[in-house]
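K.L.:
Got a structure for you, written out below as structure tokens; questions coming shortly.
Bear in mind that the values in this text are calculations on the coordinates, not laboratory data. Bear in mind the structure is a predicted one, so any value in this text is a computation, not a measurement. Positions of Cβ are generated from backbone atoms using ideal geometry, with glycine treated the same way; all protein chains shown enter the neighbour counts.
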Number of protein chains: 2
Amino acid sequence: MEIRAIIIGFGHIGQGFARLLNLKSGLLAENFGIRLNVVAIVDSKGAAINPSGLNLEKALNVKKTKKTIAFYPEYGKHDMDTLNVLESVDAEIVIEVTPTNVINGEPGLSFMLEAMRRGKHVITSNKGPLALAFSKLYEASKKYGVHFKFDATVGGATPMISLAQRCLVGNKIESIRGIMNATTNFILTKMSRDLCPFEEALKEAQKMGICEKNPTYDIKGIDTACKMVILANALMNKNVTYKDLQKIVGIENIGVDALKEAYKKSCAVKLVGLASENRLLVQPELIPLSDKICVDGTLNAVEFKTDVAKDIVIIGQGAGPIETASKILSDLIDIVKYQNTI
Amino acid sequence: MEIRAIIIGFGHIGQGFARLLNLKSGLLAENFGIRLNVVAIVDSKGAAINPSGLNLEKALNVKKTKKTIAFYPEYGKHDMDTLNVLESVDAEIVIEVTPTNVINGEPGLSFMLEAMRRGKHVITSNKGPLALAFSKLYEASKKYGVHFKFDATVGGATPMISLAQRCLVGNKIESIRGIMNATTNFILTKMSRDLCPFEEALKEAQKMGICEKNPTYDIKGIDTACKMVILANALMNKNVTYKDLQKIVGIENIGVDALKEAYKKSCAVKLVGLASENRLLVQPELIPLSDKICVDGTLNAVEFKTDVAKDIVIIGQGAGPIETASKILSDLIDIVKYQNTI
């Protein structure tokens, strides 16, 4: 079966997904009978469009050397933006991976809504639009009869949403508690191990490419807050947005002394997100080293408390473009293969 | 949508599933539009059959007071066995939950094959048939075009198989390593905490109802070995049976001294199952307390090493009839709702 996809946004995650597709085209064909053609890639400066499918290696090379996909030979277009592409290019699936924005969710929010309106399934790693307008996006997907998949918005490589939605289906998710941000967890782990101040650990994280040049979303807890909103909506049927967080406290004021004190009590200070019946918040918490979610470095972990299966914890890498892209691929296979809707 | 199910085997798991269905019939209807009628229940002494659906509360009560479902008022049959029921009762799904047997897989193996031959989807928690004849069952399910779901064979409440098959789809599972048996993990944890001998911990486990009166399968590592065979077949495309295990060592010879020594090294002795490219074995191993799979009590844990998402660990309750039944329910919802095949 031939499936056509449009990739919107060609930064870390978009490029990671293209690299992953190159690696996995054989598996997609053999195991799932899927031939995936990326018929368009759009970035902020233009697009590349080929209804027969773009060469992804070439696309990655163009992006690397020329900074925009619009220089793709023959198929590059400097005068096409995302809305033009959605209007003029036929495709079954849109992969929306533009940078996140928690002020108004744009441009991702409009791109996703427009893709749905045009009957295209949407897979995204973009948290902002979901944190601000989850129910709007969900309702639009129902209205236009398309799938809306967003496992890649939370947990990096760790499939938190699909675990709960699929493998724990039939259970009621009573609470969600986890470490959801790789950057802050790396910083806290380094501060704790090397007894170094926050600024030094942050610089190290930036040097290693773990966080953005502007790390505000991470260290102020905003990134974790967005993820908690998404989880609470998707898994607990809460109708909440980013504004409903009762508390968002980051890690920028945590000193080495607090970490030393924690360690004396066989605990660690971690940036924890919590969603329960009455609570929705993000804050640094003292948690025992023996707590299953007490993971270090760039790991993420989440604990689902459920009514029947009881407590289920999943742990995995919380960052990495290709690792995160693996969830976009899982979402895609799920839509094509298991939903029988294409 | 009305779905008819036959439950074969009405011990702990079968009764757990009946209790769970009673709890969840509202959720099934509201969230998934499923009205599930259990049209037959079979145990070793007879059956109860009602094409309009049995009353599960009554069925549980009959089993409790009269020891066999055949005394179910009006619909009880002392002269019907499983093969008669599969022949004469219309149903879409068969829940096969008879006791496991690793000598020849019977009677579960024949029941499952017969159900498939008759075009019924099969969901099971019964390890023996899969450990001995996985490929035969898998091929039969393909031949007759039915679903074959067995998440409940491994991990108790912890969805190990569905996590890998669904949420990690697109990844190659390179190795599987885990603590898969709640009884032995409870015993080792108790021995380690209370510094008590094996026999005392075993008695405590029996008193608490965690293990069978005959705990051989658990303590000799046979139960874990069966689970490793199932995981290796289902998730790593290995064509192996129970006979292919390179080593099966249980915990019956582990003394308190070994556990004390382990603790001094910040380690614990755990019964570990391993499947990798070249290895398939079960043995007690010294693992660091900081290892993510180093869980205590009746918890189970497994680590999947994958090519793209890297290491993913899931932890949850490894035992309990209703907890395990939650995975039968998830498998059932998956077949009905997500496969669109009924």
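K.L.:
Normalise the Debye intensity by I(0) for chain B, one equal point scatterer per Cα, no solvent, then take log10 at q = 0.07, 0.08, 0.11 Å⁻¹ and round to two decimals.
P.N.:
Taken in order of the listed q values, log10 I(q)/I(0) reads -0.29, -0.38, -0.72.
K.L.:
Quick one: of A:Lys149/B:Lys310; B:Lys207/B:Lys327; B:Lys67/B:Lys207; A:Lys243/B:Lys327; B:Lys142/B:Lys337, which pairs are farther than 24 Å apart, Cα to Cα?
P.N.:
B:Lys207/B:Lys327; A:Lys243/B:Lys327
K.L.:
Need the C-alpha centroid separation for the stretch A:3-51 versus the stretch A:238-265, integer Å.
P.N.:
With the stretch A:3-51 and the stretch A:238-265 each reduced to a Cα centre, they are spaced 38 Å.
K.L.:
Going 7 Å from Cα along the Cα-Cβ axis for the label, what nanometre distances separate A:Lys203 from the same residue across the other copies?
P.N.:
Result for A:Lys203, in nm, nearest copy first: 6.3.
K.L.:
Follow-up. Could you point to the residue in B:Leu195, B:Asn181, B:Ala258 farthest towards the positive end of the stretch B:163-319's charge dipole, with +1 and -1 charges on the Cβ of Lys/Arg and Asp/Glu respectively?
P.N.:
B:Asn181
K.L.:
For chain B, which longest stretch is free of loop sites, where a loop site is one of the GluC sites (Glu not before Pro) that DSSP puts outside H, G, I, E and B and that has at most 11 other Cβ atoms within 10 Å? Before the final figure, lay out the partial values.
P.N.:
Values: sites that count: B:Glu74, B:Glu277.
The reported range is B:75-276.
K.L.:
May I pose another question? Can you give me the relative contact order of the stretch A:104-237 as a percent, contacts being Cα pairs under 8 Å and 6 or more apart?
P.N.:
RCO, the stretch A:104-237: 25 percent.
K.L.:
Before rounding to the nearest 500, sum -39500 (n - 2.57) across all DSSP H runs of length at least 4 in the protein assembly as shown and divide by the residue total; then give [θ] at 222 nm in deg cm²/dmol.
P.N.:
Value at 222 nm, helices only: -11500 deg cm²/dmol.
K.L.:
Which links in A:Lys190/A:Lys265; A:Lys77/A:Lys136; A:Lys213/A:Lys305 stretch past 24 Å when you go from one Cα to the other?
P.N.:
Listed pairs above 24 Å: A:Lys77/A:Lys136; A:Lys213/A:Lys305.
K.L.:
Only Cα pairs under 8 Å and at least 6 apart count here; give the relative contact order of the stretch B:163-319 as a rounded whole percent.
P.N.:
RCO, the stretch B:163-319: 34 percent.
K.L.:
Can you check how the C-alpha radius of gyration of the protein assembly as shown compares to 2.2 N^0.38 Å, as a plain ratio? Walk me through the intermediate numbers first.
P.N.:
Values: Rg = 25.9 Å, N = 684, 2.2 N^0.38 = 26.3 Å.
Computed over Cα atoms of the protein assembly as shown, the ratio equals 0.99.
K.L.:
Lysines within cross-link reach of B:Lys247: Cα-Cα under 16 Å, excluding same-chain residues under 8 positions apart?
P.N.:
Hits, sequence-local ones excluded: B:Lys220, B:Lys227, B:Lys270.
K.L.:
Using Stokes-Einstein with the Kirkwood hydrodynamic radius over Cα pairs, what translational diffusion coefficient do you get for the stretch A:174-216 at 10 °C and a viscosity of 1.306 mPa s, in µm²/s rounded to a whole number?
P.N.:
Value of D from the Cα-based Kirkwood radius: 144 µm²/s.
K.L.:
Within the stretch A:201-224, list the residues whose amide N lies under 12 Å from a label point set 7 Å along Cα→Cβ of A:Ile103.
P.N.:
Backbone N within reach: none found.
K.L.:
Additional query: Straight-line reach from B:Lys64: which aspartates and glutamates fall under 17 Å, measuring Cα to Cα and dropping same-chain residues less than 8 apart?
P.N.:
In chain and number order, the partners are B:Asp43.
K.L.:
If the cut-off is a Cα-Cα distance under 12 Å, which aspartates and glutamates reach A:Lys292, setting aside same-chain residues fewer than 8 apart in sequence?
P.N.:
The reachable aspartates and glutamates, counting only those whose Cα sits under 12 Å from A:Lys292, are A:Glu303, A:Asp311, B:Asp291, B:Asp296.
K.L.:
OK, next. Within the stretch B:168-212, list the residues whose amide N lies under 19 Å from a label point set 7 Å along Cα→Cβ of B:Leu289.
P.N.:
Within reach of a label on B:Leu289: B:185-196.
K.L.:
Name the long-range amide H neighbours of A:Ser175: under 5 Å, sequence gap of 5 or more, or other chain; modelled H, no Pro or chain starts.
P.N.:
Those lying under 5 Å, H to H, from A:Ser175 are A:Lys305.
K.L.:
Before anything else, pin down the relative contact order of chain B: Cα pairs under 8 Å, at least 6 apart, normalised by residue count, whole percent.
P.N.:
Reported relative contact order: 18 percent.
K.L.:
How large is the dipole of the stretch B:90-192 about the Cα centre if only Lys and Arg carry +1 and Asp and Glu carry -1, each at its Cβ, rounded to the nearest 20 debye?
P.N.:
Charge dipole, the stretch B:90-192, about its Cα centre: 240 debye, nearest 20.
K.L.:
Which percent, to the nearest 5, of DSSP beta bridges fully inside the protein assembly as shown are antiparallel?
P.N.:
Beta bridges within the protein assembly as shown, antiparallel portion: roughly 65 percent.
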